[in-house]
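A.B. asks: Have a look at the structure that comes next, please.
All of the numbers you see were taken from the coordinates with simple rules; none came from a lab. Being a predicted model, the structure only gives us computed values, none of them experimental. Ideal geometry is used to build each Cβ from the backbone, glycine not excepted, and the neighbour counts take in all protein chains shown.
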Amino acid sequence: MGGSYSTRTLFFADEMPDGEPFVRRTVERLRENGLDTDTALDDAAADIATGNGGSIEVRLDDYPIEVRFDFEASAEAPDTVLWLDGPDESAFEEYDVPLDTARDRADRLADAIADLAVEIDPWLAVGWIPYPHQDVHPYPEGYPPKTRLERLGWVTVFGEPFHEQFGGRERLLEAPARNVCDLENGAVLVRESTIPGTDRSDTDSGPAPSTDDYLFGGESLAELRAEIERQRRTYVDPFRDLEEGELASDIVMCEDHAPFEFEGMDDPSFPDDLDRGDRCHVLCVRRDGDTLWEGNNGEFVRRLVDVDGRPIGEMPDGVPDHREMISLVISTEYDGASSLDLYRMDSPEDPSVVGGLLGLERASDGESIWQDRNEPVTRD
């Protein structure tokens, strides 16, 4: 199991806060949002102010957050006057934390960030989980307008220097994020996700346009929504990219195990809740034109599917209409297609990545992949 990572929130400002009073106000704002500390505040505030920086620990429920203060300006890089390092992502983890609890924690953290943004008046504040596998992080490389930001955090606060860059404050307030707030100091808070990390399967992301594309790409909401509709109508069958005669592992379902009847079925409207757990077989298939045949016994499996979600061409001669499998590999462009490399096979005896994970089945010569048949369904 991989390691756990903590949320991180940074506040960038041009003016240094007023030392000890700022430390006290920061803790007050955090306490107002249900975060608390056992730190002796009088001593800590004085020590932090005297040393031009330091940290105290607060808690979100039982999860620690290190609050780091930095009162020394840097001429080379944007000034991070305040860090919130934590809580750990396990505070929001799906299998240990009920959704309502995770939402409540995220709401309190987001509200605390908003209150601190009013207190500090940063030109940027951003919260995210800095996963090391991500190539791009929402960290500015310079001052507006040359920050080179390319993506949002789960919570991002844009001060006045950013407003013109995004087409004005009103356009920023219309961003298609989960929540957009107009703060008292004129800054705009953009909350991109309900919960930091957004890996929970029980939160609904919905088909909203990309806020990153809207803000950093300058695209209009109409353009983004039209692109979503196009992607949701465009079907991807990875096996269309197979070369003639090439082998791959297909995840398929037969009519007996499907929650709908094949006859008269509208191909593009498969139920949304179908997943690979509904499979009947993981078969080695070989491409022959626009059709796929079982790689060992030569039995017909299915036709390839076009971008409209329809099978390509007619059924092969001698194959009844009801003897065609449905592939669970097919998806819309919006949902994201799997890489064909996960399914490719060098030989019937050499499973693909998917075949190795799910268990590749090998049909025997002379036997059918259909339970109610003794012989394979082959060409006339």
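A.B. asks: Residue by residue through the stretch 345-350, what is 3J(HN,Hα) from phi via Karplus (6.51 cos²θ - 1.76 cosθ + 1.60, θ = phi - 60°)? Round to whole Hz and write x for glycine and proline.
C.D. replies: Going residue by residue, I get 10, 7, 7, x, 8, 10 Hz, with x marking Gly and Pro.
A.B. asks: Shifting gears a bit: Among rounded, prolate and oblate, which fits the stretch 1-147 when a ≥ b ≥ c are the square roots of the eigenvalues of its C-alpha gyration tensor, a/c under 1.5 means rounded, and a/b larger than b/c means prolate?
C.D. replies: oblate
A.B. asks: Fewest Cβ neighbours within 10 Å first, please rank HIS163, HIS133, HIS322 accordingly.
C.D. replies: HIS133, HIS322, HIS163
A.B. asks: Report the equivalent ellipsoid semi-axes for the chain in whole Å, largest first, defined as the square roots of five times the eigenvalues of the gyration tensor built from alpha carbon atoms.
C.D. replies: 55, 22, 17
A.B. asks: Relative contact order (percent) for the stretch 65-124, with alpha-carbon contacts under 8 angstrom and 6 or more residues of separation?
C.D. replies: Reported relative contact order: 23 percent.
A.B. asks: Take the alpha-carbon centre of the stretch 119-138, take the same for the stretch 20-34, and report the distance between them in whole Å.
C.D. replies: That distance is 21 Å.
A.B. asks: Then there's this: What are the ³J(HN,Hα) values, in whole Hz, obtained from phi via the Karplus relation 6.51 cos²θ - 1.76 cosθ + 1.60 with θ = phi - 60°, for each residue of the stretch 146-163 in sequence order, with x given for Gly and Pro?
C.D. replies: Computed from phi, the couplings for the stretch 146-163 are 9, 7, 6, 5, 10, 8, 8, x, 5, 10, 9, 10, 9, x, 3, x, 8, 4 Hz.
A.B. asks: For the stretch 135-245, what is the convex hull volume of the alpha-carbon atoms per residue, in Å³?
C.D. replies: About 155 Å³ per residue, rounded to a whole number.
A.B. asks: Sequence-distant or interchain residues sharing an amide H contact under 5 Å with PHE71, placed H: which?
C.D. replies: Result for PHE71 returns GLY53.
A.B. asks: Of ARG233, ARG191, ARG108, how do they rank once you tally other Cβ atoms within 10 Å and put the fewest first?
C.D. replies: Fewest-to-most ranking of ARG233, ARG191, ARG108: ARG233, ARG108, ARG191.
A.B. asks: Listed highest first by mean packing, meaning other Cβ atoms within 10 Å per residue, what order do 46-56, 117-127 come in?
C.D. replies: Per-residue Cβ counts within 10 Å, averaged per peptide and sorted highest first, yield 117-127, 46-56.
A.B. asks: Okay, next question. 5 Å is the cut-off here: which amide hydrogens, built 1.01 Å from N in the peptide plane, fall below it relative to ASN296, excluding neighbours closer than 5 in sequence?
C.D. replies: Under 5 Å from the amide H of ASN296: ALA363.
A.B. asks: For LEU247, what residues show an amide H to amide H distance below 5 Å, using hydrogens built from the backbone and excluding near sequence neighbours?
C.D. replies: MET345
A.B. asks: Let me spell out the model: positive unit charges on the Cβ of Lys and Arg, negative unit charges on the Cβ of Asp and Glu, origin at the Cα centre of the stretch 31-184. What dipole size does that give, in debye rounded to 20?
C.D. replies: 680 debye
A.B. asks: Place a +1 charge on the Cβ of each Lys and Arg in the chain and a -1 charge on the Cβ of each Asp and Glu, then give the dipole magnitude about the Cα centre in debye, rounded to the nearest 20.
C.D. replies: It works out to roughly 480 debye.
A.B. asks: Give a residue-ordered list of calculated ³J(HN,Hα) values for the stretch 322-328 (Karplus: 6.51 cos²θ - 1.76 cosθ + 1.60, θ = phi - 60°; whole Hz; x for Gly, Pro).
C.D. replies: After applying 6.51 cos²θ - 1.76 cosθ + 1.60, I find 7, 9, 10, 7, 9, 8, 8 Hz.
A.B. asks: Using Cβ counts within 10 Å as a stand-in for footprinting exposure, how do ARG232, ARG25, ARG323 rank, fewest first?
C.D. replies: By the 10 Å Cβ count, ascending, the order reads ARG232, ARG25, ARG323.
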